[in-house]
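I have placed the structure first, in the form of structure tokens, so that the comments after it can refer back to it.
The values are calculated or read from the model by the stated rules, or taken from the named source; none is laboratory data. In this text the structure is predicted, and so the values were computed from the model without any measurement. Every residue, glycine as well, gets a Cβ built from its backbone with ideal geometry; the counts of neighbours run over all protein chains shown. SASA here: full protein model, heavy atoms, side chains in, ligands and nucleic acids out. Shrake-Rupley method; radii C 1.70, N 1.55, O 1.52, S 1.80 Å.
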Amino acid sequence: MRMTTLVRSAALTAAAALALTACGVSKTDDAESGSGSSSSASAEKLSGLRIMVPNSPGSGYDQTARAVSADLQSAGLSGSIEVFNQAGAGGTVGLARLVNEKGKGDLLMQMGLGVVGASYSNKSEAKLTDTTPIAKLIEESEAIVVAKDSPFKTLDDLINAWKANPGAVPVGGASNVGGPDHLTPMLLAKTVGLDAKKVNYVAYDGGGELMTAVLGKKLGFAATGVSEVVEQAKSGDVRVLAVTSDKAVEGLDAKPLKDQGVDLTFTNWRGLVAAPDISEADKNKLIAAVTALHGTEEWKKTLADKGWTDAFVPGAEFDTFLKSESDRVAGVLKELGLA
């Protein structure tokens with residue numbers, strides 16, 4: 001299918017960028033074989049760093065930012081770090097604040113595909129192209145989630161009911177139009193033969209609000225990052241009917257879509273950007289610290305614990321990736337008839 005091919009092409013492009021990046025950071029690669037402290041040897045220790053999370057506590061961005069903060073400090077790459085939330089409009093409120101902090105070399109914003117989509121759908125005056133790209137960090141599968149007592153026991157149950165009456169099966173996500181939680185059900189609808197324009201999508205500002213809606217039976221199902229549902233799935237509060245990755249996700253009792261007869265794979269990603277117009281020295285210092293973080297045992301453990309896929313792409317390569325993602329999101333929305 002054309003849509004599935006489009007999504008997979010983006011994944012291949014990212015993989016190629018990762019491979020090229022690996023060739024350009026041999027010092028980090030060498031350090032990965034050692035301890036976290038050896039990986040940080042060539043990076044200047046950061047001080048006074050702040051990391052903005054552009055949506056609510058408990059969200060995927062929030063989890064990622066706090067993991068980055070904890071591991072930077074644990075590895076000796078930074079002093080105390082302030083992590084704070086600036087929620088609103090799918091991340092574009094935080095983006096606007098970042099863009100207005102020109103020259104502030106001590107401020108990072110956690111972001112990802114959701115902010116790319118929100119900046120497009122909200123017609124945000126602040127653009128990611130105005131920021132200073134630092135690094136793409138991870139990729140993550142999406143999960144198709146229902147409440148524990150949902151009438152949909154299997155993916156087939158859900159799809160059959162959804163196709164029969166799309167309006168009666170609302171789907172929620174913590175993304176605005178064009179974000180990963182929005183694109184997932186839209187691509188799923190197209191793949192199973194449902195007109196995406198008929199999908200009843202409800203956007204929430206963060207994973208915490210989304211899970212409250214799922215547990216409160218306000219939704220037929222939800223699409224969200226796997227890290228946001230692992231604990232609820234383990235406790236039995238929700239059931240994961242499928243994941244969007246090629247392979248099963250460790251820690252989740254759920255098969256990939258493609259193993260259940262749905263020819264679709266999709267991954268979300270997250271990274272870090274800094275304020276516009278920061279000095280070259282500040283930019284290089286931030287990139288060096290995050291590059292060193294990538295090689296630490298602390299970060300490797302975080303990736304394994306969270307079920308995140310390493311997708312490290314720093315600096316200029318990440319800048320190129322951001323521009324291609326913006327074009328891709330616009331193209332997908334147009335093909336779905338949503339733009």
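Which lysines have a Cα less than 18 Å from the Cα of LYS283, not counting those fewer than 8 places away in the same chain?
LYS45, LYS102, LYS104, LYS136
Within 10 Å of each candidate Cβ there may be at most 15 other Cβ atoms; applying that plus a DSSP loop requirement, which GluC sites (Glu not before Pro) in region 239-339 survive?
Listed in order of number, the matching sites are GLU250.
Just the accessible area for SER235, please: 1.4 Å probe, Å², rounded to the nearest 10?
The accessible area of SER235 comes to roughly 70 Å².
Checking the a/c ratio against 1.5 first, then a/b against b/c, what shape does the Cα gyration tensor give for region 287-329?
Here region 287-329 falls in the oblate category.
Ranked by accessible surface with a 1.4 Å probe, highest first, in what order do TYR201, TYR120 come?
Per-residue accessible area, sorted high to low, gives TYR120, TYR201.
Protein chains only, probe 1.4 Å: how do VAL199, VAL177 rank by accessible area, largest first? Mind dumping the intermediate values first?
Numbers: VAL199 20, VAL177 60 Å².
Ranked list, largest accessible area first: VAL177, VAL199.
For LYS197, list the lysines whose Cα falls under 26 Å from its own Cα; do not include residues on the same chain fewer than 8 positions away.
Correct list for LYS197: LYS123, LYS153, LYS163, LYS217, LYS218, LYS258, LYS334.
Set the Förster radius R0 to 45 Å, insert the Cβ-Cβ distance between LYS153 and SER324 as r into 1/(1 + (r/R0)^6), and round the FRET efficiency to 0.05.
Details: r = 39 Å, r/R0 = 0.87.
Working from the Cβ atoms, E equals 0.70.
Along the charge dipole of the chain, Cβ charges K/R +1 and D/E -1, which of ILE51, THR191, ASN284 sits furthest on the positive end?
THR191
If ligands, DNA and RNA are left out, what is the accessible area of ARG66 with a 1.4 Å probe, given in Å² to the nearest 10?
100 Å²
Around GLY112, which amide H atoms from residues at least 5 apart in sequence, or from another chain, sit under 5 Å from its own amide H, with H modelled in the peptide plane?
GLY271
So with the 1.4 Å probe, I'd like the accessible area per residue for region 210-262, rounded to whole Å².
So region 210-262 comes to 46 Å² accessible per residue, rounded to a whole number.
Using the Cα centre as the reference, give the magnitude of the dipole from point charges on the C-beta atoms of the chain (Lys, Arg: +1; Asp, Glu: -1; all else neutral), rounded to the nearest 20 debye.
Dipole magnitude for the chain comes out near 820 debye.
With a 1.4 Å probe and every protein chain kept in, tell me what percent of the accessible surface of region 188-339 is carbon plus sulfur.
47 percent
Just in region 168-252: which trypsin sites (Lys or Arg not before Pro) are loop by DSSP and have at most 11 other Cβ atoms within 10 Å?
Answer by residue number: LYS217.
May I ask you to compute the full-extension gain from LYS104 to ASP195, defined as 0.36 nm times their residue separation minus their alpha-carbon distance, rounded to one decimal in nm? It would help to have the intermediate numbers written out before the result.
Working: separation 91, 0.36 × 91 = 32.76 nm, distance 4.53 nm.
Separation in residues times 0.36 nm, less the Cα-Cα distance, equals 28.2 nm.
For the pair LYS255 and GLU335, how long in nm is the line joining their label points, each one 7 Å along Cα→Cβ?
With each label placed 7 Å out from Cα toward Cβ, I get 2.6 nm.
On a 1.4 Å probe surface of the protein chains, which of THR224, THR212 comes out largest in accessible area, and what is the full order?
THR212, THR224
Note the full-extension length gain between GLU82 and ASP277 as 0.36 nm times their separation in residues minus their Cα-Cα distance, in nm to one decimal.
Working: separation 195, 0.36 × 195 = 70.20 nm, distance 2.14 nm.
Once the chain is fully extended between GLU82 and ASP277, it gains 68.1 nm.
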